[in-house]
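The next block holds one structure in the form of structure tokens; read it before the comments.
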Amino acid sequence: MPELPEVETVRRTLNDLITGKQIQHVTVRLPRIIQRPDDIQAFANMLAGHSIVTVERRGKFLRFVLDGLVMVSHLRMEGRYGLFQQDDPLDKHTHVIFHFTDGTELRYTDVRQFGTMHLFQPGEDLLLKPLNKLGQEPLDASFTMERFKEIVAGRSTKIKPLLLNQEYVVGIGNIYVDESLHRAGIHPEETAKSLSDEQLGRLHSAIVATLTDAVNAGGSSVKSYVNGQGESGSYQQQHLIYGRKDQPCSTCGTLIEKSVVGGRGTHICPNCQPLSVFVNKN
């Protein structure tokens, strides 16, 4: 967490909150959050005087596009952005503060302290880490069935780890892989190359539909996720499989099982997602 739907929701709310605001100065209270440049004073100095043009998303990353700079931010497990007045009480887990000229502040809080920020010249961010090796955007118009087949064709990797690999398709994490595979009726341990065109078509449609529904619901708040306005998402109320171990499948009534695939907790309905007899589980 957060995955594509949650980051997209944060992006949308931040655009409503901070577009057009000018940064007066920046306070960095936890230096390791800042990954580029490696000098936090240089980071703060570079941002001072710049205005927010828009906030974009690439995979699970936020791109703060300024007039002459781009800041790439990854929320990791617990990162949050919120807009405050300068005299509002400061949370003890607030690590970076962007002070705007209008007296408001964009504050980044992170209990786990895993989040990162990188600062680039425009265009440079897409050519360098952490964005340079990211794969296909699943909600982009270019994510066609033909493109999806190109990504998975001939690969001996199990389909769940492949979908989690951000170098192939971006933004889909554990929740939405489980949900998409269930919608498509595909077991997560099937190899990508074993899937028929019909199965790939179902999975392609399931990925797009699942992510679209989740974005429309503001994402899933299964732990601590909130958007830029402090609001929780509601898609967890629509989960068909994720987090529902030992509960009946909404399609067939079979009890949902949880196992580990590719090192990740994985939910399946053994009836709706049968494993091919030809798959080696070892």
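Please treat every number below as a calculation from the coordinates, not as lab data. The shown structure was predicted, so the numbers you read here are calculated from the model rather than taken from an experiment. Here the Cβ positions follow ideal geometry from the backbone for every residue, glycine too, while neighbour counts run over all protein chains shown.
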Original post:
Principal axis lengths of segment 102-190 from Cα atoms, whole Å, largest first?
Top reply: 52, 30, 22
**OP:** Could you please report the charge total around Arg58, scoring K, R as +1 and D, E as -1 over all other residues with beta-carbon less than 14 angstrom from its beta-carbon?
**Re:** -2
Original post:
By how many degrees, 0 to 90 and rounded to 10, does the Cα axis of helix 174-184 deviate from the longest principal axis of the chain?
Top reply: 40 degrees
Original post:
If you project the alpha carbons of the chain onto their three principal axes, what span does each projection cover, largest first, in Å?
Top reply: 62, 36, 31
**OP:** Go ahead and run the numbers for FRET between Ala48 and Ala209, Cβ-Cβ distance against an R0 of 41 Å, rounding to 0.05.
**Re:** 0.40
Subject >> 10 Å Cβ shell holding at most 15 others, DSSP loop, GluC sites (Glu not before Pro): longest site-free stretch of the chain >> reply: 1-166
Original post:
Which lysines does Lys160 reach when only Cα atoms under 26 Å apart count, and residues fewer than 8 places away in its own chain are ignored?
Top reply: Lys60, Lys129, Lys133, Lys149, Lys193, Lys223, Lys245, Lys258, Lys281
Original post:
Got a sec? Which residues in segment 200-216 would a label at Thr251 touch, if it sits 7 Å along Cα→Cβ and we count backbone N under 19 Å?
Top reply: 200-214
Original post:
Counting Lys and Arg as +1 and Asp and Glu as -1, what is the net charge of the other residues whose Cβ lies under 11 Å from the Cβ of Thr116?
Top reply: +3
Subject >> Using θ = phi - 60° and Karplus 6.51 cos²θ - 1.76 cosθ + 1.60, couplings along segment 24-40 (whole Hz; Gly, Pro as x) >> reply: 7, 7, 10, 10, 10, 9, 9, x, 5, 5, 7, 9, 8, x, 7, 10, 5
**OP:** May I ask for the Kirkwood hydrodynamic radius of segment 1-59, worked out over all distinct Cα pairs and given in angstroms to one decimal?
**Re:** 13.1 Å
Original post:
Taking 0.36 nm per residue of separation and subtracting the Cα-Cα distance, what length does fully extending Glu198 through Arg147 add?
Top reply: 16.9 nm
Original post:
What does the charge count near Leu139 come to, summing +1 for each Lys or Arg and -1 for each Asp or Glu among other residues with Cβ under 10 Å from its Cβ?
Top reply: -2
Subject >> Range of Cα positions in segment 4-126 per principal axis (Å), largest first >> reply: 36, 30, 30
Original post:
Where does segment 145-268 land on the Kirkwood hydrodynamic radius, alpha-carbon pairs, in angstrom?
Top reply: 15.0 Å
